[in-house]
1. Check the stretch 206-213 and report whether any residue there is away from the ligand (no atom under 16 Å from the Cβ), over 18 Å from R12 (Cβ atoms) and surrounded by 11 or more Cβ atoms within 10 Å (Cβ to Cβ).
2. Considering every residue within the stretch 171-178, establish whether at least one is in a helix (DSSP H, G or I), loosely packed, with under 12 Cβ neighbours inside 10 Å and within 16 Å of the ligand (Cβ to nearest atom).
3. Among the candidates G118, G145, G101, single out the residue that is farther than 30 Å from P207 by Cα and either within 16 Å of the ligand (Cβ to nearest atom) or at pLDDT below 95 (or both).
4. Would you please list the contacts, defined by Cβ atoms under 6 Å and residues six or more apart or on different chains, that run from a residue in the stretch 189-202 that is in contact (Cβ under 8 Å) with a residue 12 or more places away in the chain to a residue that is aromatic (F, W, Y) and more than 6 Å from the ligand (Cβ to nearest atom)?
Amino acid sequence: MKRAEIVEFYARLAADNPHPETELEAGNPFQLVVAVALSAQATDVGVNKATRRLFETVTTPQQMLDLGEDALKQHIKTIGLFNTKAKNVIALSQRLVDVYGGEVPNDRDALETLPGVGRKTANVVLNVAFGAETFAVDTHIFRVGNRTGLARGKTPLAVELKLDKATPQPFRLHAHHWLILHGRYVCKARRPECWRCIVADLCAFKPKTPPPKAALPKEP
Ligand code: SF4
């Protein structure tokens with residue numbers, strides 16, 4: 001995609017949703033780390049359902065340690081891989097208490113030393129909690145980047161680095177939210193809804209999906 005097209009692409013997504021936000025519910029950076037760590041291979045809706053009651057009483061790493069692994073499992077047992085995730089959340093809480101004074105560090109390398117926290121989670125936390133211009137490439141962004149031609153790459157890291165290079169101001173802070181939401185609700189995995197896509201004319205994906213029959217106007 002050419003630079004002018006990239007600007008137009010983001011400008012349309014921005015006009016459509018000027019203040020995009022993460023759909024994960026969290027009241028502070030610690031809760032955000034926990035929510036993102038729980039969200040691997042799970043939907044945000046499912047994570048929110050499980051964390052809503054948990055986050056009423058657990059707002060700090062120490063409170064998570066006081067709650068303990070077994071009680072945490074009871075809260076999150078509706079989420080896939082909950083046993084491993086509970087272990088990681090307890091271990092990352094312990095490390096936050098032991099090494100970082102109970103605070104979530106505003107630093108990529110430090111975040112990635114937390115159990116269960118990889119590059120994508122670190123990017124979400126840096127962006128949402130600390131306002132960094134990072135690009136957390138999940139399955140939706142990976143797909144949208146490749147289909148549209150905005151940022152093609154064989155790995156999430158390759159797509160992330162291309163997005164970082166290609167995304168201009170003033171779109172850098174919210175780019176990852178716009179792309180996730182576009183992938184989740186319009187440029188869907190199995191059947192992208194090209195017929196109602198606001199960036200269709202800029203997108204390189206050739207076999208544009210036609211509208212379903214019910215959406216076509218009736219012939220007179
Ligand atoms: S035109 Fe289709 S493939 Fe391209 S971004 Fe829109 S929904 Fe996705």
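The values are calculated or read from the model by the stated rules, or taken from the named source; none is laboratory data. Predicted, not measured: the structure shown is a model, and the values here were computed from it. So basically every Cβ, Gly included, is an ideal-geometry build from the backbone, and we count neighbours across all protein chains shown.
1. no
2. There is no residue in the stretch 171-178 that is in a helix (DSSP H, G or I), loosely packed, with under 12 Cβ neighbours inside 10 Å and within 16 Å of the ligand (Cβ to nearest atom).
3. Of the residues listed, the single one that is farther than 30 Å from P207 by Cα and either within 16 Å of the ligand (Cβ to nearest atom) or at pLDDT below 95 (or both) is G118.
4. Here the result reads V199/F9; L202/F9, each pair linking the stretch 189-202 to a residue that is aromatic (F, W, Y) and more than 6 Å from the ligand (Cβ to nearest atom).
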